[in-house]
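J.: One structure coming up, written as structure tokens, with questions to follow.
What follows is calculated from the coordinates using simple rules that are stated; it is not laboratory data. Nothing here was measured: the structure is a model prediction, and the numbers come from that model. Cβ: placed from backbone, ideal geometry, glycine included. Neighbour counts: every protein chain shown.
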Amino acid sequence: MAKWLYLHMLFPFLKYQGTGNDFVLMDNRTGHFPIDNHQVIAQICHRNFGVGSDGFILIESSDTADFFMRYFNADGHEGSLCGNGSRCAIQYAKTLGIVSAKVVFEASDGIHQAHFVGDDVALSLHPLTHWELRETAIFMDTGSPHHILFVDDLSAVDVPKLGASIAHGAPYFSDGTNVNFVSLIDANTIEVRTFERGVEAETLSCGTGVTAAAIATHISARTRSTSLVIQTRGGLLKVSFSPSEKGYKDIVLQGPANYVYKGNWEYI
């Protein structure tokens with residue numbers, strides 16, 4: 001559709017946050033939003049010149065699920081799976097009346113299921129069958145790539161500086177990776193701080209990141225627990241999983257996803 005057809009069109013949006021990881025969401029089941037305009041999406045996400053968010057999400061129609069979640073990083077480009085964003089999308093889809101108690105939705109990495117636990121959303125992730133040990137770190141992909149580094153004192157870590165140096169350094173380079181700094185609190189609790197690629201900054205929480213961190217804690221034998229509470233700067237999340245012959249299955253990320261406010265974005 002030609003750009004002039006969008007002039008002065010108003011796109012209603014809602015803003016949600018999941019443990020401080022915030023997102024602008026729009027209903028794009030009509031397909032009218034200009035998804036190829038990365039500059040506009042980046043402006044929407046900009047905290048000084050736009051609405052302000054860690055990411056941008058469109059709810060679209062799906063032939064195989066309740067809806068398709070199209071996720072964009074704050075830089076305006078489509079990203080990989082976002083765990084907290086998925087939970088926010090599910091809450092938003094609930095207000096649209098397109099999901100029930102049991103949710104099936106499609107994301108960039110395929111079909112996912114979810115359900116509501118009180119005010120929380122419990123999101124099922126795909127089984128994990130591969131990870132890499134990299135000197136003092138562990139790398140894995142839980143829908144998005146994650147570099148996990150265990151530290152004794154999270155408060156002493158310069159997450160933005162060190163995270164940026166790891167995210168685009170060897171062996172990640174231009175593709176980049178998310179970087180998670182993890183500290184063990186006790187056998188059932190860890191604390192995580194995350195530098196997110198695409199946002200290029202530390203965020204208050206990262207859903208796929210805390211999932212990777214929880215599993216890495218088990219892989220490295222720092223815990224035997226298969227259900228962990230994760231403290232992020234934005235609040236608490238829960239991750240559970242089951243070890244299997246091939247790796248890990250029954251991976252579930254659970255936590256809150258809360259409405260913040262609504263508005264309209266004028267496309268010019």
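J.: Work out, step by step, the length gained on full extension between Ala101 and Leu10: first 0.36 nm times the residue separation, then minus their alpha carbon distance; give nm to one decimal.
T.: Details: separation 91, 0.36 × 91 = 32.76 nm, distance 3.12 nm.
Working it through step by step, the gained length comes to 29.6 nm.
J.: Hey, another quick one. Can you give the FRET efficiency to the nearest 0.05 for Tyr261 and His32, using r as the Cβ-Cβ distance and R₀ = 30 Å? Show your work: numbers first, answer last.
T.: On the way: r = 22 Å, r/R0 = 0.75.
E between Tyr261 and His32, to the nearest 0.05, is 0.85.
J.: Related question: In whole Hz, with x marking every Gly and Pro, tabulate ³J(HN,Hα) for the stretch 98-115 from phi via Karplus 6.51 cos²θ - 1.76 cosθ + 1.60, θ = phi - 60°.
T.: 10, 9, 10, 4, 10, 10, 10, 9, 10, 10, 4, 9, x, 8, 10, 10, 7, 8
J.: Please report the spacing between the Cα centers of the stretch 60-128 and the stretch 237-268 in Å, no decimals.
T.: So the separation of the two Cα centres works out to 8 Å.
J.: Let me ask something else. Which trypsin sites (Lys or Arg not before Pro) in the stretch 209-263 pass both tests, a DSSP loop state and at most 15 other beta-carbon atoms within 10 Å? Mind dumping the intermediate values first?
T.: Numbers: sites: Arg222, Arg224, Arg233, Lys238, Lys246, Lys249, Lys262; in loops: Arg222, Arg224, Arg233, Lys246.
Sites meeting the loop and neighbour criteria: Arg222, Arg224, Lys246.
J.: Which length gain, in nm to one decimal place, applies between Glu135 and Leu184 when the Cα-Cα distance is subtracted from 0.36 nm times their residue separation?
T.: 15.8 nm
J.: Apply the Karplus parameterisation 6.51 cos²θ - 1.76 cosθ + 1.60, with θ equal to phi minus 60°, to every residue of the stretch 243-258 and state each ³J(HN,Hα) to the nearest whole Hz, in sequence, with x for glycine and proline.
T.: Calculated HN-Hα couplings, in order: x, 9, 4, 9, x, 9, 9, 6, 7, 10, 9, 10, x, x, 9, 10 Hz.
J.: Which value, in debye to the nearest 20, describes the size of the charge dipole of the chain about its Cα centre when Lys and Arg Cβ atoms bear +1, Asp and Glu Cβ atoms bear -1, and nothing else is charged?
T.: Details: 19 positive and 28 negative charges, 80 e Å.
Dipole of the chain, to the nearest 20 debye: 380 debye.
J.: What is the count of Lys pairs in the chain whose alpha carbons sit under 16 Å apart, if the two are 8 or more places apart or on different chains?
T.: Working: Lys15/Lys94; Lys15/Lys262; Lys94/Lys102; Lys94/Lys262; Lys238/Lys249.
Lysine pairs meeting both conditions in the chain amount to 5.
J.: Taking N as the number of residues in the chain, what is its Cα Rg relative to 2.2 N^0.38 Å?
T.: Values: Rg = 18.1 Å, N = 268, 2.2 N^0.38 = 18.4 Å.
In units of the 2.2 N^0.38 Å rule of thumb, it is 0.98.
J.: Still on this structure: At each listed q (0.14, 0.19, 0.20 Å⁻¹), what is the log10 of I(q)/I(0) that the Debye formula gives for the stretch 131-255 modelled as equal alpha-carbon point scatterers?
T.: After summing over all Cα pairs, the log10 values are -0.52, -0.99, -1.10.
J.: Go ahead and set up a Gaussian network model of the chain, Cα springs under 10 Å, then flag whichever of Ser240, Ser155, Ser53 fluctuates most.
T.: Ser155
J.: Further question: Around Phe150, which amide H atoms from residues at least 5 apart in sequence, or from another chain, sit under 5 Å from its own amide H, with H modelled in the peptide plane?
T.: Sorted by chain and number, the residues that satisfy this are Val182.
J.: Apply 1/(1 + (r/R0)^6) to the Cβ-Cβ distance of Ser220 and Asp158, taking R0 = 22 Å, and write down the FRET efficiency to the nearest 0.05. Don't skip to the answer; put the middle values down first.
T.: Numbers: r = 23 Å, r/R0 = 1.05.
The formula returns an efficiency of 0.45 here.
J.: Any chance you could run the full-extension gain for Asp75 through Ser165? It's 0.36 nm times the residue separation minus the Cα-Cα distance, nm to one decimal. Numbers along the way, then the final one.
T.: Values: separation 90, 0.36 × 90 = 32.40 nm, distance 1.82 nm.
Separation in residues times 0.36 nm, less the Cα-Cα distance, equals 30.6 nm.
J.: State the answer as a single residue: which of Gly97, Gln39, Ser205 lies farthest towards the positive end of the charge dipole of the chain, with beta carbon charges of +1 for Lys and Arg and -1 for Asp and Glu, about the Cα centre.
T.: Checked the options; the winner is Gly97.
J.: Further question: Looking at the stretch 36-113, which trypsin sites (Lys or Arg not before Pro) are DSSP coil and have at most 13 other C-beta atoms within 10 Å of their C-beta?
T.: On the way: sites: Arg47, Arg70, Arg87, Lys94, Lys102; in loops: Arg47.
Counting only loop positions with at most 13 other Cβ atoms within 10 Å, the trypsin sites (Lys or Arg not before Pro) in the stretch 36-113 are Arg47.
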